[in-house]
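Participant: Let me give you the structure first, and then I'll get to my questions.
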Amino acid sequence: MRVITGRFQGRKLKAPPGETTRPILDRVKVAIFDFLGARLAQPGILPPLSVLDLFCGGGSLGIESLSRGAAYCAFVDSDRAACGCLRANLDHLGIGPEGRIYHSPVETAVIAPPPNGRFSLIFLDPPYVLSEEQTPRSTIPRVLERLGADPAVDSNAIILWRHAEKCPIPERLPGGWQVEHRRVWGRMAVSVLVRRPREDG
């Protein structure tokens, strides 16, 4: 893995050992951040926003965000080896307080509000099998419900959820989220979630 562009451009990143994480392909990461740059600022960069990187693994998406101009990123993962790999990546790049690690299950993590406001960009990158479980008490619905109720999440926040292309994602989701659109790369897809408009009456 490597950082594509920004202040850490070209720097290599370690990937966690084993098969529990799936490092994202460079071409997919480029497409994701081109979309984000065009939506939030301009292609190639991000505004100084706060990012929440859930099921972060080695932190590739959150680190790319910091490289491109994000002010802060909270990284959350329950896997000890992944968090150790992430810590090595942050230390290697000299990332200090602007990158905070939470070693905790994502659905129960107690995450402090970011120092510069609220989280407005959220990466949701769980093991594919978790995205396939859509019962109310399964992991991802619980995470979405919490994000929808969390005052530290901006009302205009967007979620980028990576999952298997074949995974059926309901248009309307817990926590007031809905699918705005989806992009597919082979057997992988990314769904963009936004807040549903409030229904009167």
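The values are calculated or read from the model by the stated rules, or taken from the named source; none is laboratory data. What you are looking at is a predicted structure, and each value in this text was computed from that prediction instead of being measured. Positions of Cβ are backbone-derived with ideal geometry, glycine not excepted, and every protein chain shown enters the neighbour counts. Note: accessible area is taken over every heavy atom of the protein model, side chains too, but ligands, DNA and RNA are not part of it. Shrake-Rupley method; radii C 1.70, N 1.55, O 1.52, S 1.80 Å.
Participant: Checking the condition within 14 Å of residue 14 (Cα to Cα) and of a type in the set (Asp, Glu), which residue from 91, 77 passes?
Facilitator: Numbers: 77 fails: within 14 Å of residue 14 (Cα to Cα).
Matching residue, one of 91, 77: 91.
Participant: Consider segment 20-73. How many of its residues are among the small types (Gly, Ala, Ser) and buried (at least 23 other Cβ atoms within 10 Å of the Cβ)? Working first, answer last.
Facilitator: Let us first name the residues in segment 20-73 that are among the small types (Gly, Ala, Ser), namely 31, 37-38, 41, 44, 50, 57-60, 62, 65, 67, 69-71.
From the residues that got through so far, the ones that are buried (at least 23 other Cβ atoms within 10 Å of the Cβ) too are 50, 57-60, 62, 65, 70.
Adding up the residues that qualify gives 8.
Participant: Now for a separate question. Of the residues 137, 195, 162, only one is open to solvent by 70 Å² or more (accessible area, probe 1.4 Å) and of a type outside the set (Asp, Glu); which? It would help to see each step written out before you state the result.
Facilitator: Numbers: 195 fails: open to solvent by 70 Å² or more (accessible area, probe 1.4 Å); 162 fails: open to solvent by 70 Å² or more (accessible area, probe 1.4 Å).
Being open to solvent by 70 Å² or more (accessible area, probe 1.4 Å) and of a type outside the set (Asp, Glu) holds for just one of 137, 195, 162, which is 137.
Participant: Quick check, is residue 112 open to solvent by 10 Å² or more (accessible area, probe 1.4 Å) and of a type in the set (Gly, Ala, Ser)?
Facilitator: On the way: open to solvent by 10 Å² or more (accessible area, probe 1.4 Å): yes; of a type in the set (Gly, Ala, Ser): yes.
So residue 112 fits the description; yes.
Participant: Would you point out the residue of segment 72-82, among those that are part of a helix (DSSP H, G or I) and touching a Gly at 6+ places or on another chain (Cβ under 9 Å), that is farthest from residue 139 (Cα to Cα)? Please lay out each step first, then the result.
Facilitator: At the first step, the residues of segment 72-82 found to be part of a helix (DSSP H, G or I) are 80-82.
With touching a Gly at 6+ places or on another chain (Cβ under 9 Å) added as a condition, the list becomes 81-82.
Working: 81: 21, 82: 19 Å.
Looking at residues that are part of a helix (DSSP H, G or I) and touching a Gly at 6+ places or on another chain (Cβ under 9 Å), I get 81.
Participant: Between residues in segment 32-43 that are modelled with pLDDT of 90 or more and residues that are aromatic (Phe, Trp, Tyr), which pairs lie under 9 Å by C-beta distance while being six or more apart or on different chains?
Facilitator: 32/123
Participant: Now a separate question. Of the residues 58, 69, 6, 10, which is part of a loop (DSSP other than H, G, I, E, B) and within 23 Å of residue 126 (Cβ to Cβ)? Walk me through how you get there before you give the answer.
Facilitator: Values: 69 fails: within 23 Å of residue 126 (Cβ to Cβ); 6 fails: within 23 Å of residue 126 (Cβ to Cβ); 10 fails: within 23 Å of residue 126 (Cβ to Cβ).
Selected residue: 58, the only one of 58, 69, 6, 10 that is part of a loop (DSSP other than H, G, I, E, B) and within 23 Å of residue 126 (Cβ to Cβ).
Participant: Here is a follow-up. Would a scan of segment 72-95 turn up a residue that is modelled with pLDDT under 95, within 22 Å of residue 151 (Cα to Cα) and out of contact with any strand residue (DSSP E or B) (no Cβ under 9 Å at 6 or more places or on another chain)?
Facilitator: There is no residue in segment 72-95 that is modelled with pLDDT under 95, within 22 Å of residue 151 (Cα to Cα) and out of contact with any strand residue (DSSP E or B) (no Cβ under 9 Å at 6 or more places or on another chain).
Participant: Related question: Determine the pairs where a residue that is touching a residue at least 40 places away in the same chain (Cβ under 8 Å), located within segment 156-170, has a partner that is open to solvent by 50 Å² or more (accessible area, probe 1.4 Å) and assigned to a loop (DSSP other than H, G, I, E, B) with Cβ atoms under 9 Å apart, the partner being 6 or more residues away or on another chain.
Facilitator: Pairs that qualify, where the first residue is touching a residue at least 40 places away in the same chain (Cβ under 8 Å) and the partner is open to solvent by 50 Å² or more (accessible area, probe 1.4 Å) and assigned to a loop (DSSP other than H, G, I, E, B), are 162/22.
Participant: What residue, of 175, 201, is at pLDDT below 90 and either on the phi > 0 side of the Ramachandran plot or in a strand (DSSP E or B) (or both)?
Facilitator: Details: 175 fails: at pLDDT below 90.
Answer to the selection: 201.
Participant: Would you point out the residue of segment 89-109, among those that are part of a loop (DSSP other than H, G, I, E, B), in contact (Cβ under 8 Å) with a residue 24 or more places away in the chain and among the small types (Gly, Ala, Ser), that is least open to solvent (accessible area, probe 1.4 Å)?
Facilitator: Result: 109.
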